[in-house]
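Worksheet: one structure, shown below.
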Amino acid sequence: MKPIKWAFGGALACLLGVGAFAGISYRSALPPIPPPAADGFPAELVAKGATLAAIGDCVVCHTADQGAAYAGGRALPTPFGTLYASNITPDAATGIGSWSLDAFKRAMRDGVGRDGSHLYPALPYDHYRRVHDGDLEAIYAFLMTRQPVSAPAKPNDMIFPLGFRPLLAGWKLMFLHQPEFQPVPGRDAQWNRGAYLVEGLGHCGGCHSPRNLAGAEEDGSSAYSGGVAEGWTAPALTAASRAPVPWTADSLYAYLRAGLDGRHGVAAGPMGPVVHGLSRAPEADVRAIAVYIASLSAPPGGAGQPADRPPAIDRADRAAQADPAGAALFAGACAGCHEAGAPMLTQGRPPLATATALQLDEPANALRAILNGIHPPAGAAGPAMPPFTASLTDAQAARIAAYLRTRFSDRPAWTDLEQAAAEIREEDTRQ
Amino acid sequence: MTVTLTINGAAHRLEVDPSTPLLYVLRGELALNGAKYGCGLGQCGACTVQIDGKAAFSCLTPVSALEGRQIRTVEGLGTAEAPGLLQAAFEAEQAAQCGYCIAGMIMRAQALLDRVAEPDEAQIRAHMQTNLCRCGTHMRILRAIRRAVAMRKEGRKEAQKGTRDAPAGTRQAAAEPVREARP
């Protein structure tokens with residue numbers, strides 16, 4: 001009879017566990033509302049929401065390639081599977097048209113949809129919960145006055161068992177404790193405004209901070225020490241930055257506002273859409289963000305470069321001697337824009353010697369720029385570079401990356417470049 | 001250095017600096033003048049050729065990258081007497097105004113047609129996005145590509161019916177106006 005007792009006991013424990021878990025994970029649905037009339041929101045509130053949404057970059061994730069703005073459908077690859085962004089236009093059936101302000105705030109702060117289902121933390125509610133009520137109301141007003149688009153959600157493709165949303169309650173129990181933003185005493189209003197935007201809506205740490213095994217951002221001393229975004233390295237924003245010329249608030253402002261700074265580099269990869277959003281945000285807010293970010297890398301106790309950071313170097317002769325084949329490829333494919341005296345460089349574009357991408361431990365950013373180029377968002381102005389995926393083989397792209405590393409950096413040579421190039425190309429053909 | 005380039009199926013042995021852009025060799029050494037020098041920065045597409053089937057900017061491709069690879073230029077698609085499918089379609093739509101960008105346009109479109117049997121409008125537009133026409137004949141260029149797709153489809157149907165005397169890519173096919181919606 002013992003086995004039966006054991007089985008009974010086990011089943012009871014399971015039931016209790018399930019019950020407790022259901023208690024933790026259960027969230028009630030909030031009543032649907034008829035979609036609010038677009039003219040029911042004050043114009044100033046909508047305008048404020050527009051600038052906040054630009055800083056928050058909502059449109060980037062919530063718009064598919066060539067798709068209608070905010071209608072969702074964009075694939076978001078994560079280490080745990082692929083998520084598809086949801087439709088946040090005010091369409092009642094497929095968007096958030098039936099969401100009340102309370103439902104919207106709950107989604108932004110607690111990551112719970114109107115129907116009570118848990119949302120994946122790809123929606124950075126760990127940041128958004130720092131945002132003040134009035135700002136969430138403005139964003140709600142902005143979104144509810146967009147053109148409704150009927151676009152049903154694409155089913156997510158998560159690894160087992162993460163497709164089961166109630167499990168997210170456990171994740172939240174462990175990682176979702178961020179309080180609403182409070183100004184830091186002793187810092188001025190501009191710094192605090194920057195901190196509020198960076199830590200909150202801007203969710204900069206989403207890419208620039210490392211994540212733990214559960215996919216949650218690391219905070220404390222690890223915050224902003226560099227992360228990964230869609231296969232690109234998001235460089236450290238702290239004193240661990242590899243930028244050959246230290247970033248200042250002024251250079252960060254130029255970079256965030258225009259997509260490039262002459263002493264650093266251009267915004268590439270996932271950073272491109274970020275600066276495109278910031279180009280339309282209020283100037284004072286972008287300045288505040290720049291001031292706060294600059295303070296993250298300010299060495300404690302005064303100015304001066306960290307000893308770990310070599311100054312900008314350009315050893316063209318040495319690199320050509322060490323790698324004549326790489327030098328020839330560079331001369332034919334890259335020099336027209338990137339060699340000293342090229343027309344592009346006389347117009348204030350950054351030289352490769354100051355590019356952080358060539359100083360990172362990973363070659364991903366350099367190889368991605370070479371193979372796929374740099375493209376401003378469709379219809380927008382911004383730094384551009386043609387892709388070389390058709391003209392260069394993996395071996396040749398790897399050769400150029402190796403040459404650049406030798407010429408512009410003292411750091412150890414990159415390894416397995418050809419393999420890395422092949423993987424980037426493979427990923428590109430899959431899309 | 002000595003480099004052997006395979007262009008439109010023929011091998012050419014050349015004595016050139018390894019960093020020389022392919023475009024300079026095509027125009028300067030081999031009298032293949034279809035591809036044009038536009039910007040020299042990979043921003044306009046006038047120099048587009050196919051390398052291993054893909055559309056590439058020949059102004060930014062050094063010859064040292066091309067040993068053993070298949071290069072195809074607009075001259076490889078057909079002649080004035082026997083134009084290729086796209087050439088015939090561009091002619092039928094009168095897609096060229098000054099014509100400077102057209103060889104590049106055709107070669108980029110060819111890369112798409114080689115890969116996709118019946119590209120839709122969105123695919124065509126996304127694919128052609130890198131090539132510019134300063135005269136502004138993009139709409140006619142897009143029409144010509146749509147016409148080429150339709151001509152090839154018609155040609156395939158003809159072939160399936162067993163009437164092989166009107167293969168796609170001949171002037172005969174181009175002479176038959178293809179009815180299609182024009183936005």
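The values are calculated or read from the model by the stated rules, or taken from the named source; none is laboratory data. Keep in mind that what you see is a predicted model, and the values were worked out from it rather than measured. Please note: Cβ atoms are built from the backbone with ideal geometry, for glycine as well, and neighbour counts cover all protein chains shown. With ligands, DNA and RNA removed, areas are computed over all heavy atoms of the protein, side chains included. Shrake-Rupley method; radii C 1.70, N 1.55, O 1.52, S 1.80 Å.
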Filter result for A:ALA234 (in contact (Cβ under 8 Å) with a residue 12 or more places away in the chain and under 17 Å from A:ASP361 (Cβ atoms)): yes
Residue under evaluation B:ALA148, criteria (1) crowded, with 22+ Cβ neighbours inside 10 Å; (2) closer than 21 Å to A:PRO386 by Cβ, criterion not met: (2)
Subset tally (residues that are modelled with pLDDT of 50 or more and exposed (fewer than 12 other Cβ atoms within 10 Å of the Cβ)) for the stretch B:151-178: 4
Criterion (within 13 Å of another protein chain (Cβ to nearest Cβ), without any contact (Cβ under 8 Å) to a residue 60 or more places away in the chain, in contact with a helix residue (DSSP H, G or I) (Cβ under 7 Å, 6 or more places away or on another chain) and crowded, with 21+ Cβ neighbours inside 10 Å) met by exactly one of B:VAL74, B:VAL25, B:VAL63, B:VAL16: B:VAL25
The lone exception for A:ASP65 - which of (1) under 26 Å from A:GLY379 (Cα atoms); (2) open to solvent by less than 60 Å² (accessible area, probe 1.4 Å) it fails: (2)
Residue selected from the stretch B:97-111 under the condition touching a residue at least 12 places away in the same chain (Cβ under 8 Å) and surrounded by fewer than 19 Cβ atoms within 10 Å (Cβ to Cβ), by the criterion nearest to the other protein chains (Cβ to nearest Cβ): B:TYR100
Per-region count, the stretch B:28-51, residues of a type in the set (Ser, Thr, Tyr) and buried (at least 18 other Cβ atoms within 10 Å of the Cβ): 1
Test: residue in the stretch A:243-263 that is closer than 25 Å to A:ARG399 by Cα and either at pLDDT 95 or above or of a type in the set (Gly, Ala, Ser) (or both): yes
Sole residue being aliphatic (A, V, I, L, M) and at pLDDT 95 or above, chosen from B:ALA144, B:ALA181: B:ALA144
Qualifying residues in the stretch A:355-398 (those that are of a type in the set (Val, Ile, Thr) and more than 8 Å from chain B (Cβ to nearest Cβ)) - the one surrounded by the most Cβ atoms within 10 Å (Cβ to Cβ): A:ILE370
Helices (runs of 4 or more DSSP H) wholly inside the stretch A:356-431 containing at least 3 residues that are closer than 15 Å to A:CYS334 by Cβ and either touching a residue at least 12 places away in the same chain (Cβ under 8 Å) or among the charged types (D, E, K, R) (or both): A:364-372, A:394-408
Residue tally, condition of a type in the set (A, V, I, L, M, F, W, C) and within 9 Å of another protein chain (Cβ to nearest Cβ), over the stretch B:43-60: 6
Every residue from the stretch B:1-13 that is at pLDDT 95 or above, part of a loop (DSSP other than H, G, I, E, B) and either within 14 Å of chain A (Cβ to nearest Cβ) or over 26 Å from B:GLN129 (Cα atoms) (or both): B:GLY9
Residue match in the stretch A:184-195 (condition: touching a helix residue (DSSP H, G or I) at 6+ places or on another chain (Cβ under 8 Å), within 27 Å of A:GLY272 (Cα to Cα), not in a helix (DSSP H, G or I) and not basic (Lys, Arg)): no
Residue within the stretch A:205-228 that is in a loop (DSSP other than H, G, I, E, B), on the phi > 0 side of the Ramachandran plot and of a type in the set (Asp, Glu) present: no
